[in-house]
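Have a look at the structure below, then the notes.
The values are calculated or read from the model by the stated rules, or taken from the named source; none is laboratory data. Here the structure is a predicted model, which means the values were calculated and not measured. Counting neighbours? That spans all protein chains shown, and the Cβs are built from the backbone with ideal geometry, glycine included. All accessible areas refer to the heavy atoms of the entire protein, side chains included, with ligands and DNA or RNA removed. Shrake-Rupley method; radii C 1.70, N 1.55, O 1.52, S 1.80 Å.
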Amino acid sequence: MIPVVVAILAPALAALLGLGAGRRFPRLVVPVAIAGSAVAFLAALVLAARAISSAPLHDRLTGPTVPTGTFPFGLDVRLDGLAALVSVAVAAVALAVQVYSTAYLKGDPRYSSYAALVSLFTAAMMLVVFADDLLVLLVGWEVMGVCSYFLIGHHWEQEGARAGAVKAFVVTRLGDVGFLFGIFTLAASVKSFDIERVQAAALHGQISQSTATVATLLLLCGVVGKSAQFPLHTWLPDAMAGPTPVSALIHAATMVAAGIYLVARLYDVFLLAPSTLAVMAVIAAITMLGAALAALAQDDIKRVLAYSTVSQLAYMLAALAVGSAGAAAFHLLTHAAFKALLFLAAGSVIHAVGTNLMRDMGGLRRAMPVTFVTMTVGLAALAGLPPFSGFFSKEAVLAAAEHAARGEGPVATWAAWLVLVTGLLTVGITAAYATRLWLMTFFHEARGPVSPHEASPAMRWPLLVLAVPATLLGAVGLRSSWLPGWLGLDESLRPGAVTAALSVLLAVAGAVSVALVWRRAPATDPSGRLGRFRPAFARAFYVDELYDRVAVRPVRSAARAVLWTDDEVVAAGSLGSGRCAGRAGALLQLTQRGNVQAYLTGVLAGIVLLAVGVVTLT
């Protein structure tokens, strides 16, 4: 279990050193940050090797117990096959981001804090991956949220970065309220925060279906927020205001994947709640199709990839909904590779042309051959084209939905059919927006005012390295015997011939339709052919505007009312009482002028008044 501790502590120590001594010793910032991620990556590789060679792997390190007054929690970590493979994805993306950032943010005055926060973010995700206690997992979960706030708002002098950071923090915290109560519900039922005991209780029927339904629905609130699923998905596109390496870090295998990973870790509990699985299926269907349509009309290259992430995460949630944690985990791993590749490649493009807008790009394939080839690999994997990795992981998800639609899954057949049909439609739309991005960025003539150039070696090498798993993980999918048995991807989860053929045909149709539109007018945006639907797609169906009217404006009005009450009632009352006291004091002051004659006159006048009163009363 030493590699587990190393994988968590190495980036954490790098973060502490960076935050504590980064400004004093700026030359140490880069080697410390890269060393922390590199050590974590090596430790994760050791764990993955153990997971593959010693399957099924299950190990546990019990730490000190912390009393809480009710149920104690333990600083325990757990190692199994899923945790080992996910840790490799997290560490690999973190290392690539740290190396890439040395060139992308070269000369940034706040680079030391940036690198330290990336390291802390990595350590927090590693804690989520290996934690065997719900409260310990919650610590990593929340530290990631805080780090994401600072990283998205790295360029805090820009209004968009500040707004995106605040929005990400508020929306994810909104989901975390339900997440926290879900943890308490499970702990109250099992009398423990221990994940292993919670899973065992679910397997042995010690958790009732009603309790499981309430707990999982509450946990789903946090999952929906963290993994950017409808209706709490709106923060992720706005998080693109942060530096591009941060976008790669958040979107690939770390923060947004944490919600999917949590459901997989507590999957036996979720299987006790068919109603929750049905809700997950509906959320996944709405999210995957809606986000794909939104990506089809975005002009900002990073926002296209952001909505793509939302849609791909919905595939993972859909796999969990129809009963295949293995398919969800497989797509999580492949998505980590090709989405990190896509964001870093997009960063190279933005760095070269000085803009995020695809309408100002074009003709980059000759000036940036490495970026062109690697991004082509990432887009092919995203579109689900064989033999790239995304094809096989998507097919595993569709196969799970197909089996569930035949009544072989834990969810209702209508929900499985919803996932299957929506998943197939999304395949075609994904290929369409991936082709649009590819053509507008790399083909025809350059439309920007800047002469493009290939990225520096520190930015190129991460692209070349990430292109390997984006391609070869698909080769792993060719033979299920190459996959660990505990992943649950056996021959029974192979899609039917009709489903597989339909998936490929839809992907090809989506790509070809955009290519034909582009060929007729290569200087224009193919999304213009969407007609009256384009504004709705570009604004992501006006969900943000709806939230602004339903939630933001009423809250602001209420805040203004509270401010007015504080100023005009509370403060005015306090000031008024002070003024009255001051005036009363001024009147009393008139009687205290230090004039002895006036005092004697007053005393005599009082005596006369008393005498008159006595005479009158008697």
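Just a few scattered comments:
- Pairs linking a residue in the range 1-12 that is closer than 9 Å to LEU61 by Cβ to a residue that is in a helix (DSSP H, G or I) and not β-branched (Val, Ile, Thr), with Cβ atoms under 6 Å and 6 or more positions apart or on different chains, are VAL4/PHE130.
- Residue match in the range 68-83 (condition: assigned to a helix (DSSP H, G or I), open to solvent by less than 10 Å² (accessible area, probe 1.4 Å) and touching a helix residue (DSSP H, G or I) at 6+ places or on another chain (Cβ under 7 Å)): yes
- Yes/no for ALA49 being open to solvent by 30 Å² or more (accessible area, probe 1.4 Å), closer than 21 Å to THR334 by Cα, modelled with pLDDT under 90 and in a helix (DSSP H, G or I): yes
- Residue under evaluation ARG479, criteria (1) at pLDDT 85 or above; (2) open to solvent by 70 Å² or more (accessible area, probe 1.4 Å), criterion not met: (1)
- Within the range 207-274, helices (runs of 4 or more DSSP H) holding 3 or more residues that are open to solvent by less than 10 Å² (accessible area, probe 1.4 Å) and within 30 Å of SER192 (Cα to Cα): 209-226, 255-265
- The range 106-122, residues that are closer than 21 Å to PRO457 by Cα and surrounded by fewer than 15 Cβ atoms within 10 Å (Cβ to Cβ): LYS106, GLY107
- Test: residue in the range 97-104 that is assigned to a strand (DSSP E or B), open to solvent by less than 50 Å² (accessible area, probe 1.4 Å) and of a type outside the set (Phe, Trp, Tyr): no
- Of all residues in the range 134-149 being touching a Lys or Arg at 6+ places or on another chain (Cβ under 9 Å) and open to solvent by less than 10 Å² (accessible area, probe 1.4 Å), the one that is farthest from GLY74 (Cα to Cα): GLY145
- Residue match in the range 51-64 (condition: within 28 Å of the chain's Cα centre (by Cα) and hydrophobic (A, V, I, L, M, F, W, C)): yes
- Residue check for LEU289: of a type outside the set (D, E, K, R), within 16 Å of the chain's Cα centre (by Cα) and open to solvent by 10 Å² or more (accessible area, probe 1.4 Å): no
- Entry remark, the range 97-130: residues being within 16 Å of the chain's Cα centre (by Cα) and without any contact (Cβ under 8 Å) to a residue 24 or more places away in the chain number 1 in total.
- Just one of the listed residues (ALA467, ALA521, ALA538, ALA507) is open to solvent by less than 40 Å² (accessible area, probe 1.4 Å), modelled with pLDDT of 90 or more and more than 30 Å from VAL88 (Cα to Cα), and it is ALA538.
- Any pair with Cβ under 7 angstrom, 6 or more apart, that starts in the range 317-346 at a residue that is farther than 18 Å from PHE388 by Cβ and modelled with pLDDT under 90 and ends at one that is open to solvent by 10 Å² or more (accessible area, probe 1.4 Å) and among the charged types (D, E, K, R): none
- Condition broken by PHE179, with the remaining ones in (1) open to solvent by 10 Å² or more (accessible area, probe 1.4 Å); (2) closer than 30 Å to SER311 by Cβ satisfied: (1)
- Residue list for the range 190-199, filter: of a type outside the set (Asp, Glu) and either over 17 Å from LEU137 (Cβ atoms) or open to solvent by less than 40 Å² (accessible area, probe 1.4 Å) (or both): VAL190, LYS191, SER192, PHE193, ILE195, VAL198, GLN199
- Test: residue in the range 528-545 that is among the β-branched types (Val, Ile, Thr) and part of a helix (DSSP H, G or I): yes
- Total residues in the range 254-304, condition touching a Leu at 6+ places or on another chain (Cβ under 7 Å) and small (Gly, Ala, Ser): 6
- The set of residues in the range 548-603 that are over 30 Å from LYS167 (Cα atoms) and either in contact with an Asp or Glu (Cβ under 7 Å, 6 or more places away or on another chain) or of a type in the set (D, E, K, R) (or both) comprises GLU568, ARG579, ARG583, ARG593.
- Test for ALA611: is it surrounded by 10 or more Cβ atoms within 10 Å (Cβ to Cβ), of a type in the set (A, V, I, L, M, F, W, C) and part of a helix (DSSP H, G or I): yes
- Residues of the range 1-17 satisfying the condition of being modelled with pLDDT under 90 and part of a helix (DSSP H, G or I): ILE2, PRO3
Residue-by-condition table, conditions (1) of a type in the set (Lys, Arg); (2) surrounded by fewer than 19 Cβ atoms within 10 Å (Cβ to Cβ):
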{"position": "VAL4", "(1), (2)": "no, no"}
{"position": "PRO11", "(1), (2)": "no, no"}
{"position": "ALA15", "(1), (2)": "no, no"}
{"position": "GLY18", "(1), (2)": "no, no"}
{"position": "GLY22", "(1), (2)": "no, no"}
{"position": "ARG27", "(1), (2)": "yes, yes"}
{"position": "PRO31", "(1), (2)": "no, yes"}
{"position": "LEU45", "(1), (2)": "no, yes"}
